[in-house]
Amino acid sequence: MADNPIFIIGTERSGTNLLRLILNAHSAIAVPHPPHILKNLFDLEPSYGDLKDDDRFRELIDDAVRVVELHPYPWGFAIDREAVFRDACRRDLLGVYLAIYDQYAAHAGKKRWACKSTHMIRHVALIRQACPGAKFL
């Protein structure tokens, strides 16, 4: 997992996109347009069933990657679904999300990533559990 991800959490029209662009200009931090993976899939996660089952976990991965692929602001590279399967630090949507963002940082040649999704406020406790070094702005 990338070193201590950064989460930009703010309200609409509060300057979070400007902050995203400033951080993205840093040589070590990659900050893509957020496809809102957790916002779009979190409440649906139970419908995937037992994610210890490889087929069900791959289905979740495929849907999460499709959320990124269908986003109006493309990330500019093809996410490797097998790498997400292999590299997910946990067998849930958050693990998939983290592995996808790690791929983005690697693609950008940066060691750290940030996410600018105002909706991540719902998931702070979960993120802190999985990523104790995460920073929130």
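The values are calculated or read from the model by the stated rules, or taken from the named source; none is laboratory data. None of these values were measured; they are calculated from a predicted model. When we count neighbours, we look across all protein chains shown, and the Cβ atoms used for this are built from the backbone with ideal geometry, even at glycine.
Okay, residues lined up against (1) of a type in the set (A, V, I, L, M, F, W, C); (2) closer than 23 Å to A125 by Cα; (3) surrounded by 12 or more Cβ atoms within 10 Å (Cβ to Cβ); (4) at pLDDT below 95:
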| site | (1), (2), (3), (4) |
| --- | --- |
| R13 | no, no, no, yes |
| H26 | no, no, yes, no |
| E45 | no, yes, yes, no |
| Y48 | no, yes, yes, no |
| D55 | no, no, no, no |
Restricting region 1-57 to residues that are of a type in the set (A, V, I, L, M) and in a loop (DSSP other than H, G, I, E, B), the residue that is nearest to L93 (Cα to Cα)
L51
Is there a residue in region 109-126 that is among the aliphatic types (A, V, I, L, M), under 26 Å from T16 (Cα atoms), within 11 Å of the chain's Cα centre (by Cα) and assigned to a strand (DSSP E or B)?
yes
Which of (1) in contact (Cβ under 8 Å) with a residue 60 or more places away in the chain; (2) buried (at least 16 other Cβ atoms within 10 Å of the Cβ); (3) within 22 Å of A83 (Cα to Cα) does N4 not meet, given it meets every other one?
(2)
Given the structure, is A78 within 27 Å of L21 (Cβ to Cβ), surrounded by fewer than 17 Cβ atoms within 10 Å (Cβ to Cβ), modelled with pLDDT of 95 or more and in contact with a helix residue (DSSP H, G or I) (Cβ under 9 Å, 6 or more places away or on another chain)?
yes
Looking at E59, E45, can you tell me which residue is closer than 20 Å to D102 by Cβ and not aliphatic (A, V, I, L, M)?
E45
Could you say whether any residue in region 59-69 is touching a helix residue (DSSP H, G or I) at 6+ places or on another chain (Cβ under 9 Å), surrounded by fewer than 16 Cβ atoms within 10 Å (Cβ to Cβ), aliphatic (A, V, I, L, M) and modelled with pLDDT of 95 or more?
no
Looking at region 86-107 only, could you name the residues that are surrounded by fewer than 18 Cβ atoms within 10 Å (Cβ to Cβ) and either small (G, A, S) or in a helix (DSSP H, G or I) (or both)?
R86, D87, A106, H107
Within region 67-85, residues over 19 Å from P46 (Cβ atoms) and assigned to a helix (DSSP H, G or I) come out as V68, E69, R81, E82, A83, V84, F85
Check region 45-54 and report whether any residue there is under 16 Å from the mean Cα position of the chain (by Cα) and free of Cβ contacts under 8 Å to residues at least 60 places away in the same chain.
yes
